[in-house]
1. Out of region 137-148, which residues are in contact with a Gly (Cβ under 7 Å, 6 or more places away or on another chain) and either assigned to a loop (DSSP other than H, G, I, E, B) or on the phi > 0 side of the Ramachandran plot (or both)?
2. Might you check whether a residue that is under 23 Å from R137 (Cβ atoms), assigned to a loop (DSSP other than H, G, I, E, B) and within 14 Å of the chain's Cα centre (by Cα) occurs anywhere in region 76-92?
3. Quickly run through region 106-115 and pick out the residues that are under 16 Å from C26 (Cβ atoms) and either hydroxyl-bearing (S, T, Y) or in a loop (DSSP other than H, G, I, E, B) (or both).
4. Using the structure shown, decide if F106 is hydrophobic (A, V, I, L, M, F, W, C), at positive phi and touching a residue at least 40 places away in the same chain (Cβ under 8 Å).
5. In this structure, is P169 surrounded by 15 or more Cβ atoms within 10 Å (Cβ to Cβ) and touching a Lys or Arg at 6+ places or on another chain (Cβ under 9 Å)?
6. Could you check, for region 132-150, whether at least one of its residues is over 22 Å from Q29 (Cα atoms) and surrounded by 19 or more Cβ atoms within 10 Å (Cβ to Cβ)?
7. Within region 40-51, which residues are buried (at least 18 other Cβ atoms within 10 Å of the Cβ) and on the phi < 0 side of the Ramachandran plot?
Amino acid sequence: MHYAAIKDCDIANGEGVRVSLFVSGCTNQCEGCFQPETWDFEFGTLFTQTTAEEILTMLDRPFIQGLTLLGGEPFEPANQRELLPFVEAVRARFGGKKDIWAFSGFTLEEMQNPQAYPCTKETPSLLSMIDVLVDGRFVLSEKDISLKFRGSRNQRVLNLPETLKKGAPVLFFD
């Protein structure tokens, strides 16, 4: 897996001060995407164990609220295979002390449908460790810059643990 950027002390991609990992590769290729260079799976830098350790070190500061995964597309099947052990390491080191947000152009329903492209054997485990999921493709005709943590009205900000427990979408905020 490659990544386009790591943002330390990010305040735009989730609540609080965060460390954000922008992975490379996206087959959604939404019209109006704000970083189409990340569609290329080879864009940027190779994600290594050293990269993972650097991010864990960045997270290990009291003012950092958590980690955000975005891209590109974290839920591309190839990216899930690489992200799962990393997210497991984050949870192992910090437990619930750091929250994890993920932004995906895929909907939760697509990720949970065994017949759908983004659903892999890693998907349930990866979803189980995410606190907030912003899901749905960016739709240019639905663009609304007044929305918090999303770019178009069709996208949702889900409280993922509650959504998974209830079996129906639970919004993180109204």
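A short reminder: the numbers here are calculations on the coordinates, not readings from a lab. Note that the structure is a prediction, hence the values are computed from the model and not measured. Glycine gets a Cβ as well: all are built from the backbone with ideal geometry, and neighbour counts include every protein chain shown.
1. Within region 137-148, R137, F138 qualify.
2. yes
3. If the condition is that a residue be under 16 Å from C26 (Cβ atoms) and either hydroxyl-bearing (S, T, Y) or in a loop (DSSP other than H, G, I, E, B) (or both), then F106, T107 are the ones that fit.
4. Spelling it out, it is not the case that F106 is hydrophobic (A, V, I, L, M, F, W, C), at positive phi and touching a residue at least 40 places away in the same chain (Cβ under 8 Å).
5. In short, yes.
6. Yes, that holds for at least one residue.
7. F41, F43, F47
Matching residues to (1) among the basic types (K, R); (2) assigned to a strand (DSSP E or B); (3) surrounded by fewer than 18 Cβ atoms within 10 Å (Cβ to Cβ):
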| residue | (1), (2), (3) |
| --- | --- |
| Y3 | no, yes, no |
| A12 | no, no, yes |
| E15 | no, no, yes |
| L21 | no, yes, no |
| C26 | no, no, no |
| T38 | no, no, no |
| I55 | no, no, no |
| R61 | yes, no, yes |
| L69 | no, yes, no |
